[in-house]
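A short write-up of the structure that comes next.
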Number of protein chains: 2
Amino acid sequence: MKPADTIAALRIETPPATLREMALERMRRAIISGLFEPGGRLVERTLCDHLGVSRSVIREVIRHLEAEGLVEMIAKQGPIVARLEWDDARQIYEIRAALEATAVADCARVATKDVKAQLREALDELDRTSRQNSPLGILDATTSFYQIIFRTGGHTIAWDIVSRLNSRISRLRVMTLSSANRMTSGPAQIREIFAGIECNDPEAAAKACRAHVAAAAMIAETILGEKASSVHPASV
Amino acid sequence: MKPADTIAALRIETPPATLREMALERMRRAIISGLFEPGGRLVERTLCDHLGVSRSVIREVIRHLEAEGLVEMIAKQGPIVARLEWDDARQIYEIRAALEATAVADCARVATKDVKAQLREALDELDRTSRQNSPLGILDATTSFYQIIFRTGGHTIAWDIVSRLNSRISRLRVMTLSSANRMTSGPAQIREIFAGIECNDPEAAAKACRAHVAAAAMIAETILGEKASSVHPASV
DNA sequence: TGCGGTCTTATGGTATACCAACATACAGAA
DNA sequence: TTCTGTATGTTGGTATACCATAAGACCGCA
């Protein structure tokens, strides 16, 4: 009897894919990919036509995206695609640095051969996409690299948070990653994180991780072309 | 001409308070306060009767709460109040430790006389409610203490995240805080954080903050009466 | 008595109808 | 020409209607 042939494996878990879930997924992707301009209005009836669903569905999806921070409601006018201020982006990078560094350190503590192999695989994928200079490929590869790290440490909630934050800076990330790639420093920095994990050195891995995020933040700042003229001298 | 008599002050900002927003607020409070049992079903039509609004409103509110993690959808059955596993709580305390320590350190770096005065006020309120042994009062006081800290450092997004996380462990928090109060260690720990901020010592403040969260997590674990028999030996 | 089939009902998923408010365009008067 | 009042249309807010399905009750048959 194969392991999968257990009684439990018989259970039918229908992912019944309600209209709402599909619409949510598509809307999210549309916003993240930049199909809808930041600040652009999301006219409900228009979206109904585009997606082929009723307003109920659209409105519930918008509520969800609103709670995720991808959509803002402006009173008496309706939903718009959330704009990204540099100050928000700065904070997001800062939070990511904290959460990712923690996850990386934990991962380095407990990483087994198996985990390291998975990470290596993700790195190879990253190299491949880097050589092809495929921004979206790089982003996916980076994402799965980190996902393995968070999963290994059991940081499911932190992963949720990071994913959500990342979706808010997705456009920035694409530019950041390809820019980092052009300078060939991006993959190198991630390799450094991996090096720390490989020899189970939490401090080194965490340090590399912080450096990586900080570098990304700096590139992002340059791209946004804004000064971090924040009144709040929070640490970077 | 008084300062408030400017042209700008004429602007009418209607907080138009849509039904949805009010319903959202009430539902959230109802869940947080434990009026709805964790795991309990949230039957839409029943909620309509209770709140006196239509299903559209209820459903959109539920979408929002779902994205916040307070409500879970179970397929073909509808929404239930999210249950809290100890593993989730553990992760939440861990994330809080990271974010709050960062915020506290930043606050200690830049805290002015004014900020310190505000914090002292919050502390006094905490003392007052502690003596009265009023769990909800303690919780509110603690919340405003931290809110001042996050606001001072400009960590608006981190504050959002922490608030959201806290609402997921609200029941636990009430018990934790009053328990900590009974042992009289809670207020003392918070005072320690304040001490670090008062003499602008980021490291000391952050350390006290981590200690405070860790203590809360330990109490929470005892209360939940479960072993952290996690497969993932993540740091505590 | 136990099993299977069927009917009922409760419930969520989806669509649509109605309304109030805001914005725009336009017409008329000073 | 410019300003103001009005009409109209677009849009979000809210309520309701309809449908499919799943869970439970009930009944009849072996």
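The values are calculated or read from the model by the stated rules, or taken from the named source; none is laboratory data. Remember, predicted model here, so these are calculated numbers, not experimental data. We place every Cβ from the backbone using ideal geometry, glycine too, and count neighbours over all the protein chains shown. Note: accessible area is taken over every heavy atom of the protein model, side chains too, but ligands, DNA and RNA are not part of it. Shrake-Rupley method; radii C 1.70, N 1.55, O 1.52, S 1.80 Å.
Quick notes
- Debye intensity ratio in log₁₀ form over the Cα atoms of the protein assembly as shown, taken at each q of 0.06, 0.07, 0.09 Å⁻¹: -0.30, -0.41, -0.70
- Rounded percent of accessible protein surface that carbon and sulfur make up, segment B:86-224, 1.4 Å probe: 55
- When A:96, A:41 are compared by accessible area at a 1.4 angstrom probe, the order from most to least is A:41, A:96.
- Overall shape of segment B:86-224 was characterised from the C-alpha gyration tensor. The equivalent ellipsoid obtained from it has semi-axes of 22, 17, 13 Å, in decreasing order.
- Accessible surface comparison of B:84, B:172, B:139, probe 1.4 Å, protein chains only, largest first: the order is B:84, B:139, B:172.
- Per residue value of the accessible surface for the protein assembly as shown (all protein chains in place, 1.4 Å probe), Å²: 52
- Positions from segment B:153-175 whose accessible area shrinks by 10 Å² or more when the full protein complex is built, not the chain alone, probe 1.4 Å: B:153, B:154, B:155, B:156, B:157, B:158, B:161, B:164, B:165, B:168
- Relative contact order (%) - criterion: Cα under 8 Å, at least six apart; region: segment B:19-81: 42
- Heavy-atom accessible surface that A and B bury in contact, both chains counted, 1.4 Å, Å² to 100: 3000
- Residues of segment B:68-102 whose accessible area, computed with a 1.4 Å probe over protein heavy atoms, drops by at least 50 Å² once all protein chains are present relative to their chain alone are B:91, B:95.
- In percent, rounded to a whole number, the relative contact order of segment B:58-176 is 26, using alpha-carbon pairs under 8 Å and six or more apart.
- Between copies, the label points at residue B:39 (set 7 angstrom from Cα along Cα-to-Cβ) are spaced 5.0 nm, reported in nanometres from shortest to longest.
- Span-like helix criteria (full DSSP H runs; alpha carbon extent of at least 30 Å along the helix axis; mean Kyte-Doolittle hydropathy of at least 0.5) are satisfied in chain A by A:202-224.
- P(r) weight above 13 Å for segment A:19-81, C-alpha pairs, percent: 57
- Value of Rg to Rh for chain B (Rh from inverse mean 1/r over Cα pairs, i.e. Kirkwood): 1.02
- Amide H within-cut-off set for residue B:71, under 5 Å, with H built and near neighbours excluded: B:66, B:82
- Helical runs assigned H by DSSP (4 residues or longer) give chain B a calculated mean residue ellipticity at 222 nm of -23000 deg cm²/dmol, each run adding -39500 (n - 2.57) before division by the residue total.
- Rel. contact order, % - alpha carbon contacts under 8 angstrom, at least six apart, chain A: 22
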